[in-house]
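Please read the structure below before turning to the comments.
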Amino acid sequence: MNNTGKIHFLDAGTTWSKILTVEDGKKAYRIIATAGLKDLNIEFESGTGHSAGLKNVKKYENEVVALAHGAKEQLNHGDIVLDLGSRDIKWVKFKNGKFSDMDWNTNCASATGATIEMLLKFYNVDVKELEAVDERYAVTCGIFGLEKIMDDVAKGTPPAFAISKFIGGIAQNAWNFTKNPDKLCISGGFCENKCFIKSLEKHCEVVSLGRFILVDGLYGEYKN
């Protein structure tokens, strides 16, 4: 199980899992495919995410709670942190350093991240080819977007352009879901999707917090 002096925290998503290992106060992060969790001989102090139950986790924490703990130290007055994952979307707002508002939707954001990864593989498109475009699909989830993309590609639209339109629709939906703020802090895998960030910047100021906010939140809660 745990090596002496090490503690581990897990954010187990549908596709990718984030792991934080702390030893003598020093943090080490890594990302692995969730399918590979079964091969790890690690006991996690606490975990969150859809797939956290797949591993030996002492304590399970709600994802929104982990997000709030992880983002609190990085947010200013009135800031909102949005976490858009493989199968859900959630956000937390702080006011005067305290929790103020939140929302979580597992339906209207279902399979967004997973759908993009699948489409990139299916059409053999590198994510670096995607650029923010003015056109976008009016979609709220990956399932409905899939049909629009395939229809357009069948009519001759380049796959990269169609996927970029889909991401533009996701960005607008995320902005609307967070009640149209002037600024959004982004957590999760979409931080590394430049097309999504540039698309979202058409609506508001965007600050990327990285992919490890939830495991940082688990550690922060553990320390307290």
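The values are calculated or read from the model by the stated rules, or taken from the named source; none is laboratory data. Every value quoted in this text rests on a predicted model; they were computed, and no experiment measured them. Note: ideal-geometry Cβ built from the backbone for every residue, glycine included; neighbour counts use all protein chains shown.
Failed condition for SER199, given (1) in a loop (DSSP other than H, G, I, E, B); (2) under 17 Å from the mean Cα position of the chain (by Cα), with all others met?
Every condition holds for SER199 apart from (1).
Kindly check whether there is at least one residue in the stretch 25-41 that is under 19 Å from the mean Cα position of the chain (by Cα), of a type in the set (S, T, N, Q) and modelled with pLDDT under 80.
no
With respect to ASN173, determine if the residue is surrounded by fewer than 20 Cβ atoms within 10 Å (Cβ to Cβ) and either over 14 Å from the mean Cα position of the chain (by Cα) or not polar (S, T, N, Q) (or both).
No: the conditions fail for ASN173.
So how many residues does the stretch 27-74 have that are surrounded by fewer than 16 Cβ atoms within 10 Å (Cβ to Cβ) and β-branched (Val, Ile, Thr)?
Looking only at that region, the number is 2.
Which of the residues belonging to the stretch 127-166 are surrounded by 21 or more Cβ atoms within 10 Å (Cβ to Cβ), at pLDDT 95 or above and outside any helix (DSSP H, G or I)?
LEU130
What strands (runs of 3 or more DSSP E), lying completely within the stretch 10-123, carry at least 2 residues that are farther than 17 Å from PHE177 by Cα?
Of the strands (runs of 3 or more DSSP E) lying wholly inside the stretch 10-123, those with at least 2 residues that are farther than 17 Å from PHE177 by Cα span 16-23, 26-33, 46-48, 98-105.
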